[in-house]
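This report refers to the structure that appears directly beneath it.
The values are calculated or read from the model by the stated rules, or taken from the named source; none is laboratory data. Note that this is a predicted model, so its numbers are computed, not measured. Cβ coordinates were reconstructed from backbone atoms using ideal geometry, including for glycine residues, and neighbour counts include every protein chain displayed. Accessible surface is based on the protein model in full, side chains and every heavy atom, while ligands, DNA and RNA are left aside. Shrake-Rupley method; radii C 1.70, N 1.55, O 1.52, S 1.80 Å.
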Amino acid sequence: MRLRHLVVSVLLGLILFVPYAHLTGQTTGKISGAVKDAKTGEPLIGANVLIEGTTMGSAANMNGHFDILNVPPGTYIVRASMIGYQTVRMTEVRVSLGLTTELEFQLPDAAIELGEEIVITAERPLVLRDLTATSSRISADEIRVLPVENLQSLINLQAGVVDGHFRGGRHGEVLYLIDGIPVTDMYTGSAGLMLETNAIQELEVISGTFNAEFGQAMSGVVNQVTREGRDIYEGEFSFNVGDYFSRNDDLFSNLGSIRPSNYYDVQGSLSGPVEFVPNTYFLLTGRAHYNEGHLYGKRIFLPRDSSDFRSNNPDEWYIQQSGDGRYVPLNFEDRASILGKITIRLFGSDKADIQYMHQRRDYRHYDHRYKYNPDGTYNYFDRGNLVNVSYTRVFSPSTFSVIRGSFFSNNQSSYVYEDPYDSRYPDYRRRQQTSGAAFLTGGAEDLYSNRETRYLTLRTELTSQITQHHQVKVGFDFRQHRIRINNFGIRNDQSTGFKPEPVYFGRSHFANTILRPVEISAYIQDKMEYEAIIANIGVRFDYFDPSANLLLEPLHLGRDKVLEPTVSEYQISPRFGIAYPITDRGVMHVAYGHFFQVPLFDLLYLNPEYNINATDPFQVGNPGLKSQRTVQYEIGLQQELTQDIALYVTAFYKDMRNLIGTEVFDIGNGNKYSQYVNRDYGNSRGFIVSFRKRHSYGFSATIDYTFQIARGNASDPNDVFLDNITDPPRESQKQLVSLDWDRRHSLNFSGTAGEPGNFTVTILGSVYSGLPYTPSLFGSRLGRMNSQNRPWNINVDLYAQKNFDIFGLPINVFFKIYNIFDRLNELEIFSDSGRANYSVEQQFTSQPRGINTVEEYYTRPDFYSTPRQILFGFGVSL
């Protein structure tokens, strides 16, 4: 097995690296342009173009053209000079990921125009000539003035994104990168690490088709690039506190009083040169964040409390209440992260980067059943780490290579008590004491989960501007995964002598299973830039070896399992995008691509030993699953309407095949199990209309409208299995229906007013239609799947800040208001009414056997959006 991986790697390396001497990951951009004589317009051959504060630069060729490659995203000053001509400096030159910033220098004759060098302020164009697919790029400065607390919130505000679903795709179809290194947790499909806002230089969100350099994604890419230390010392520190201020305290308990300590956020960063070590720079960032949340339980009961509600006479009920009556937060988040980065400029433009990031997150999910027994529900713990070492070798101004090696790990745990032998784990029958619409008066969740995903990555990248019109990229990637899973239940009953003990049973319980799948990929891509057309054309190769055993025959009681090793799989996917300038103020683009993705490891490796549960329905994974496939098309227009306003229109279509579903089997005694198979399908289509106004006359604004239809035969890979274990079983969906995230209408808008660097106010809002749901009553469907929609939602946030200079120290005072109007947006609803505040079942529900009323049970604070939250803080810049 290892020999096969080695042979594949060597062959790919020879094929790719012998013919070509150029590769790049999309962590940098490019500056191109021309240097001309201001009077005659003739090209100035040999003119020097340099980026101030760096060693990066180029010389103009025979046509006066120059290219500066491998420029990190940011804002720069670029200087053009030549003997006999006056020097011209161009300020506010912004470079973005994967794009070309075009400049034109016109140098006056020094003999004619004597005096100081000429300074010109560059203006970022509203229409990007080389944008061949839909993407958003948000700089650190832009993020600072937005009312967002993390990058995930910012991603969800992008056109075409619905709660992490990109253009109608399923969860887990997005590639997350930090400085060119994948940080997607392949087991869940979510981001294993996410940069804090104070560490980021630029965020790129690709929601349409994407180039061949990106793999293992079918719907989108989130590309995060960190800052670097510079020649000067820079530091920032901010602190803010806040709380919820809601008029709906009858719905949200324990929000009546103001407690600023319920929320705090501390951030800091420091960067600059390393003393006594020449050409070495550092960046250090950190953040501590705590939010107690807005959903509480009341500790009336403890998990081990025993009550008896069997009598029909409530006066004869026995109720043990050992709780202290305190409120307990049930959707809190306690998060901390730290990032350190060392940049060493070795010789010429060569450099090495060493980076370490750690992120910790502790949290809970609200469970309505445990409102009066809050200690019985799960606690969740995430721990992520990234070590990244890279070396950039610059062979010439037109050619450079990058080699990266990285280690990534993500550990996720969930349990009620950390020690599975903890005597506080109760008899599981405590959860059966109440009945009907009653809160639990004892008991606790009894599953213990611990899972760690690791991978080692080696990436070799090379880039060269072969000619003025062709920039070719080639890349190679090897990744060795290691997955460790330790899931079990906890039993405390007569079989264990009434002492808690771990037991292995059910859907996903298996002890310390270790799996080591392997990925190998390569791509080649050419970016062709002509005056009349810009094209990105490439092809990608992906290889995957699951390194597991495949079940050949269905499981059956009394029959041995028939297994064989899995076989590897490879895919070849072509991609292209073309931008065609139709005028000097307008550009059209067309993009097309095939996108493949290995199924989530949870679907490949669930119950990898294929253990049988003879009494309860269970599931097994399938390491023989084929890659899921998406074919995407899009066509778009960028049009500058005025000097400061532009229109963007994009239409798209996605065809999704080979999606994962389930097939159900009988083990021989009537009990059922399911195995994942490639059976589901879907499609999405829509259009996006956006307006952008750059900052002028004291304000800037954006408006995005998205119309989107997302349809398929199933939203969840487990739908068929769940349909079969209902009582009675129901027929699974075969026709195309609206998917769970099919949001037809979305409108996002933002506006910033004021003077940057002094005082600014930002309004951020969204209006969107409700997601679909299936009408039902008492568990029986009343219509087709997802045939009705939840109510519309509206939200408006505000951020305001003012800068002061106190004794020469820049101070920034700010406040944020989330959900300004304290609107109760109905995110979840009762399926019999389509509303969050009323259920038809409520009027048919008798008094529960418990301590609460029917009305209390059907009051669901978790069905609504977060109430109004106000934060106040200050920041200091050094």
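Would it be correct to say that Ile483 is out of contact with any Asp or Glu (no Cβ under 7 Å at 6 or more places or on another chain), closer than 30 Å to Gln571 by Cα and β-branched (Val, Ile, Thr)? Here the answer is yes, as Ile483 does meet what is asked.
Taking the residues in the range 85-106 that are more than 31 Å from the chain's Cα centre (by Cα) and open to solvent by 40 Å² or more (accessible area, probe 1.4 Å) as candidates, determine which candidate is farthest from Ile31 (Cα to Cα). Within the range 85-106, the match that is farthest from Ile31 (Cα to Cα) is Tyr85. None of Ser390, Ser449, Ser409, Ser495 is open to solvent by 20 Å² or more (accessible area, probe 1.4 Å), part of a strand (DSSP E or B) and hydroxyl-bearing (Ser, Thr, Tyr) except Ser449.
The conditions of being free of Cβ contacts under 8 Å to residues at least 40 places away in the same chain and either surrounded by 19 or more Cβ atoms within 10 Å (Cβ to Cβ) or touching a Leu at 6+ places or on another chain (Cβ under 7 Å) (or both) are met by Val562. Within the range 461-474, residues that are over 23 Å from Ile181 (Cα atoms) have Cβ atoms under 6 Å from residues that are among the β-branched types (Val, Ile, Thr) and open to solvent by less than 40 Å² (accessible area, probe 1.4 Å) in these pairs: Ile466/Val472, counting only partners at least 6 apart in sequence or on another chain. Within the range 221-234, residues that are touching a residue at least 60 places away in the same chain (Cβ under 8 Å) and more than 18 Å from Ile338 (Cβ to Cβ) sit with their Cβ atoms under 8 Å from residues that are among the small types (Gly, Ala, Ser) and assigned to a loop (DSSP other than H, G, I, E, B), at 6+ positions apart or across chains, in these pairs: Arg230/Gly53; Asp231/Gly53. Among the residues of the range 325-334, is any over 34 Å from the mean Cα position of the chain (by Cα) and either more than 30 Å from Leu50 (Cα to Cα) or among the aliphatic types (A, V, I, L, M) (or both)? Yes, the range 325-334 contains a residue that is over 34 Å from the mean Cα position of the chain (by Cα) and either more than 30 Å from Leu50 (Cα to Cα) or among the aliphatic types (A, V, I, L, M) (or both). If you filter the range 241-266 down to residues that are of a type in the set (Gly, Ala, Ser) and farther than 26 Å from Tyr858 by Cα, you find that the one that is surrounded by the most Cβ atoms within 10 Å (Cβ to Cβ) is Gly242. The set of residues in the range 816-869 being more than 30 Å from Leu798 (Cβ to Cβ), in a loop (DSSP other than H, G, I, E, B) and not hydroxyl-bearing (Ser, Thr, Tyr) consists of Asp832, Gly834, Gln847, Pro848, Gly850, Ile851, Asn852.
Looking only at residues of the range 672-722 that are assigned to a loop (DSSP other than H, G, I, E, B) and surrounded by fewer than 19 Cβ atoms within 10 Å (Cβ to Cβ), we find that the one that is farthest from the chain's Cα centre (by Cα) is Tyr697.
Residues satisfying the criterion are present in the range 729-746 (criterion: open to solvent by 70 Å² or more (accessible area, probe 1.4 Å), in contact (Cβ under 8 Å) with a residue 24 or more places away in the chain, in contact with a helix residue (DSSP H, G or I) (Cβ under 9 Å, 6 or more places away or on another chain) and not aromatic (Phe, Trp, Tyr)).
One line per residue, one yes/no per condition, for (1) part of a loop (DSSP other than H, G, I, E, B); (2) in contact with a strand residue (DSSP E or B) (Cβ under 6 Å, 6 or more places away or on another chain); (3) of a type in the set (S, T, N, Q):
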site: Glu731; (1), (2), (3): yes, no, no
site: Lys734; (1), (2), (3): yes, no, no
site: Asp742; (1), (2), (3): yes, yes, no
site: Ser750; (1), (2), (3): no, yes, yes
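For the range 803-811, the count of residues that are crowded, with 17+ Cβ neighbours inside 10 Å, outside any loop (DSSP other than H, G, I, E, B) and polar (S, T, N, Q) is at least one. Being open to solvent by 40 Å² or more (accessible area, probe 1.4 Å), farther than 26 Å from Tyr605 by Cα, touching a residue at least 24 places away in the same chain (Cβ under 8 Å) and charged (D, E, K, R) is a description that does not apply to Arg657. Residues being touching a Leu at 6+ places or on another chain (Cβ under 7 Å) and part of a strand (DSSP E or B): count how many of those fall in the range 127-147. Residues in the range 127-147 being touching a Leu at 6+ places or on another chain (Cβ under 7 Å) and part of a strand (DSSP E or B): 2 in total.
Among all positions in the range 304-315, there is no residue which is within 26 Å of Pro73 (Cα to Cα), in contact with a Gly (Cβ under 7 Å, 6 or more places away or on another chain) and in contact (Cβ under 8 Å) with a residue 12 or more places away in the chain. Look at the range 589-607: where a residue is farther than 10 Å from Tyr676 by Cβ and a partner is buried (at least 23 other Cβ atoms within 10 Å of the Cβ) and basic (Lys, Arg), sitting 6+ places away or on another chain with Cβ atoms under 6 Å, you get Gly593/Arg575. The selection criterion, being open to solvent by 10 Å² or more (accessible area, probe 1.4 Å) and part of a strand (DSSP E or B), holds for Glu236.
The residues in the range 197-208 that are surrounded by fewer than 24 Cβ atoms within 10 Å (Cβ to Cβ) and either of a type in the set (Lys, Arg) or not in a strand (DSSP E or B) (or both) can be counted, and the count is 2. The condition (being free of Cβ contacts under 8 Å to residues at least 40 places away in the same chain, farther than 30 Å from Met56 by Cβ and surrounded by fewer than 19 Cβ atoms within 10 Å (Cβ to Cβ)) is satisfied by just one residue among Asp375, Asp382, Asp419: Asp419. For the range 842-857, the set of residues classified as surrounded by fewer than 17 Cβ atoms within 10 Å (Cβ to Cβ) and not hydrophobic (A, V, I, L, M, F, W, C) consists of Gln842, Gln843, Thr845, Ser846, Gln847, Thr853, Glu855, Glu856, listed by residue number.
Starting from residues that are part of a loop (DSSP other than H, G, I, E, B) and over 23 Å from Ile572 (Cβ atoms), keep the ones in the range 583-605 and report whichever is least open to solvent (accessible area, probe 1.4 Å). Top of the filtered list is Arg585. Leu440 meets the conditions (1) under 29 Å from Ala336 (Cβ atoms); (2) open to solvent by less than 30 Å² (accessible area, probe 1.4 Å); (3) in contact with a Phe, Trp or Tyr (Cβ under 9 Å, 6 or more places away or on another chain) in every case but one. The failed one is (1). The set of residues in the range 250-297 that are assigned to a loop (DSSP other than H, G, I, E, B), within 14 Å of Tyr233 (Cβ to Cβ) and either touching a residue at least 24 places away in the same chain (Cβ under 8 Å) or among the basic types (Lys, Arg) (or both) contains only Val274. Quick one: would you say Pro608 is assigned to a loop (DSSP other than H, G, I, E, B) and either of a type in the set (A, V, I, L, M) or buried (at least 16 other Cβ atoms within 10 Å of the Cβ) (or both)? Yes; evaluated as a whole, the condition is true for this residue.
If the condition is being in a loop (DSSP other than H, G, I, E, B) and more than 29 Å from Tyr818 (Cβ to Cβ), then the range 778-797 contributes Phe778, Gly779, Leu782, Gly783, Arg784, Met785, Asn786, Ser787.
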